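> Quick one: structure below, then a few questions.
None of the figures in this text is laboratory data; all of them are computed from the coordinates on show. A quick note: this is a predicted structure, and the numbers were derived from the prediction, not measured. Quick reminder, even Gly has a Cβ in these numbers, built from the backbone with ideal geometry, and neighbours come from all protein chains shown.
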Amino acid sequence: MAAQRQILNLDSLVDRPVVLIDGKEYELVTHDTLTPLDAHRVTSMHKRIGVILGKSEQSDLTADEEKELETLPARICRVVLEAPDDIQAALTDKQRTMIIDVFWRMLPNRQPAVSISQARAATESTTSTGVN
């Protein structure tokens, strides 16, 4: 009988990076544990943030776009950060942006050209200097 070759080695225990919030560790989802549907959702929401921020450089946002821009980071964080609802709700927009940026940097070959924080900083500097 010929020796069998191992073709797949699976490990059900995954070391996940953690985010420390108020002294407690919460796991961040990694690319190998993200479901295809969640990966699609996160990617779509992240792209939408970029579209809205890009539009805000050229014209004022509609009320609906502003509302969407306010809710998208929280929606993404609920997918990528394994933390209870009370912790998720207590996060500031800045903290959510930091979590999302770290999540994107961890994904191989999936880094956005510009992170959310970089795009926001560029938009804010353009707005504050009055340059259009």
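> Would you mind getting me the FRET efficiency between GLU27 and SER59? Use the beta-carbon distance for r and R0 = 30 Å, nearest 0.05. Display every interim value, and only then the final one.
Values: r = 40 Å, r/R0 = 1.32.
E(calc), rounded to 0.05, equals 0.15.
> Please list, in chain and number order, the residues 5+ apart from LEU81 or on another chain whose amide H is under 5 Å from its amide H, with Hs placed from the backbone.
For LEU81, the qualifying residues are VAL29.
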